[in-house]
Amino acid sequence: MTDMASNPPPRRRHGRRRGAEFALYFTLIFLLALPAACFGWARDVIRRRTLNMLGPLARAWAEADRMTPVIFSV
């Protein structure tokens, strides 16, 4: 029996390459998510009284990274 844990087969990339249209939508969603992320970050800083959390740019980036593939999956 073959031990696949020590020498797994190479993974193939599935899906399409991210192109200019993806970058355009990502940028638009990022810019729209930025004000809400800043507000949410400021609210969390006041509530928790700590800066040990994701900043507004990371939050907006994560939101755009979640939403853009949903648009292209339809």
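Regarding ALA60, is this residue touching a helix residue (DSSP H, G or I) at 6+ places or on another chain (Cβ under 7 Å) and either assigned to a helix (DSSP H, G or I) or not aromatic (Phe, Trp, Tyr) (or both)? Against the criterion (touching a helix residue (DSSP H, G or I) at 6+ places or on another chain (Cβ under 7 Å) and either assigned to a helix (DSSP H, G or I) or not aromatic (Phe, Trp, Tyr) (or both)), ALA60 qualifies.
Restricting the first member to region 33-57 and to residues that are over 24 Å from THR68 (Cα atoms) and in contact (Cβ under 8 Å) with a residue 40 or more places away in the chain, and the second to residues that are in a helix (DSSP H, G or I) and not acidic (Asp, Glu), no beta-carbon pair is closer than 8 Å while six or more apart or on different chains.
Taken together, the values in this text are just the output of simple stated rules run on the coordinates, not laboratory data. None of these values were measured; they are calculated from a predicted model. Note that we place each Cβ from the backbone using ideal geometry, even for glycine, and neighbour counts take in every protein chain shown.
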